[in-house]
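The values are calculated or read from the model by the stated rules, or taken from the named source; none is laboratory data. Keep in mind that this is a model prediction, so the values were computed, not measured. All Cβ positions, even for glycine, are placed from backbone atoms using ideal geometry, and neighbour counts span all protein chains on display.
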Amino acid sequence: MITIKVFESYDEMSAYAAEIVKEVINSTEKPVIGLATGSSPIGLYKKLIEMNKNKQIDFSQVTSINLDEYVGLSSDHPQSYSYFMNEYLFDHINIDKANTFVPNGLADDLEQECRLYDQRLRDLGYADIQILGIGQNGHIGFNEPSAKLNTNTNIVNLTPKTIKDNARFFDSIDDVPKQGITLGLEGIFKAKKIVLVANGLNKAEVCKSFADEYIDTQVPASLLKLHKDITVCLDKEAASLIEK
Ligand code: F6R
């Protein structure tokens with residue numbers, strides 16, 4: 001079931017989403033959390049860091065598994081998702097980094113890396129909670145709009161739209177990697193709970209699709225309506241095209 005929550009501000013949205021994550025971590029013996037990068041969850045990660053400092057959450061038993069990574073960037077590249085996770089979360093909480101997983105976009109055999117990543121996810125029993133953002137084109141992870149969506153972890157050619165959207169983080173658009181490695185739809189859907197955060201007017205058009213009754217592989221996030229427990233947290237700008 002999908003629950004849509006609308007908040008006055010990014011800060012309130014982030015605080016609410018962090019509470020959901022906190023409850024899962026605090027009520028699970030060995031929690032597995034699925035993580036996303038990008039600008040949307042930065043506020044949520046800040047709240048988790050605060051909660052860890054205030055001893056409201058303990059990450060010592062947590063395993064994390066990230067959604068995606070660029071192909072061709074090393075973990076010490078400032079735009080790699082691995083670097084992002086250290087900077088915005090892992091370096092500030094008491095998680096054991098040996099229990100944090102991000103796909104290796106530099107693997108010699110990328111297909112094998114995909115299979116190993118799926119195996120890892122199965123071994124972990126899938127995520128207790130999956131944090132998601134959403135691309136302006138409706139992508140989740142790097143699962144781009146397409147007639148066919150992949151169930152497994154896979155290598156994706158990024159769409160021109162995603163390359164353009166992500167160019168803001170690079171010196172030039174030519175520096176944006178052209179491929180990503182991403183969990184597939186099954187890996188995302190097997191999470192027991194999903195919390196998706198989206199903010200800003202540039203997400204308003206795509207977020208409209210959470211409120212209608214259709215699914216469309218050209219808007220991969222629309223499929224999330226089929227998940228049994230998903231909370232979509234929007235600030236009022238992102239929710240501005242949803243009719244009340
Ligand atoms: C990142 C990811 C992407 C982002 C999406 C939105 O790990 O999975 O799907 O969630 O591109 O990015 P932002 O939050 O930067 O707008």
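Can you name the strands (runs of 3 or more DSSP E) wholly within segment 32-77 that have at least 1 residues being among the charged types (D, E, K, R) and at pLDDT 95 or above? Once the strands (runs of 3 or more DSSP E) in segment 32-77 are filtered for at least 1 residues that are among the charged types (D, E, K, R) and at pLDDT 95 or above, what remains is 68-70.
The strands (runs of 3 or more DSSP E) falling completely within segment 151-244 that include 1 or more residues that are within 14 Å of the ligand (Cβ to nearest atom) and closer than 22 Å to residue 9 by Cβ map to 194-198, 230-235. Quick one: is residue 164 at pLDDT below 95, among the basic types (Lys, Arg), touching a helix residue (DSSP H, G or I) at 6+ places or on another chain (Cβ under 9 Å) and at negative phi? Here the answer is yes, as residue 164 does meet what is asked. Looking at residue 70, is it touching a residue at least 60 places away in the same chain (Cβ under 8 Å) and within 16 Å of the ligand (Cβ to nearest atom)? In short, yes. The residue that is farthest from the ligand (Cβ to nearest atom), counting only those in segment 133-149 that are crowded, with 24+ Cβ neighbours inside 10 Å and under 14 Å from residue 186 (Cα atoms), is 143. Just so you know, in segment 103-117 the residues that are in a helix (DSSP H, G or I) and in contact (Cβ under 8 Å) with a residue 12 or more places away in the chain include one that is surrounded by the most Cβ atoms within 10 Å (Cβ to Cβ), and it is 117.
The residue list 232, 197, 156 contains one member that is without any contact (Cβ under 8 Å) to a residue 40 or more places away in the chain, buried (at least 17 other Cβ atoms within 10 Å of the Cβ) and in contact with a strand residue (DSSP E or B) (Cβ under 8 Å, 6 or more places away or on another chain), which is 156.
Listed here are the residues, each with its yes/no results for (1) in contact (Cβ under 8 Å) with a residue 12 or more places away in the chain; (2) surrounded by fewer than 19 Cβ atoms within 10 Å (Cβ to Cβ); (3) within 21 Å of residue 190 (Cα to Cα); (4) within 16 Å of the ligand (Cβ to nearest atom).
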site: 96; (1), (2), (3), (4): yes, yes, no, no
site: 100; (1), (2), (3), (4): yes, no, yes, yes
site: 124; (1), (2), (3), (4): yes, yes, yes, no
site: 131; (1), (2), (3), (4): yes, no, yes, yes
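Entry remark, segment 50-67: residues being surrounded by 19 or more Cβ atoms within 10 Å (Cβ to Cβ) and either free of Cβ contacts under 8 Å to residues at least 60 places away in the same chain or within 16 Å of the ligand (Cβ to nearest atom) (or both) number 9 in total.
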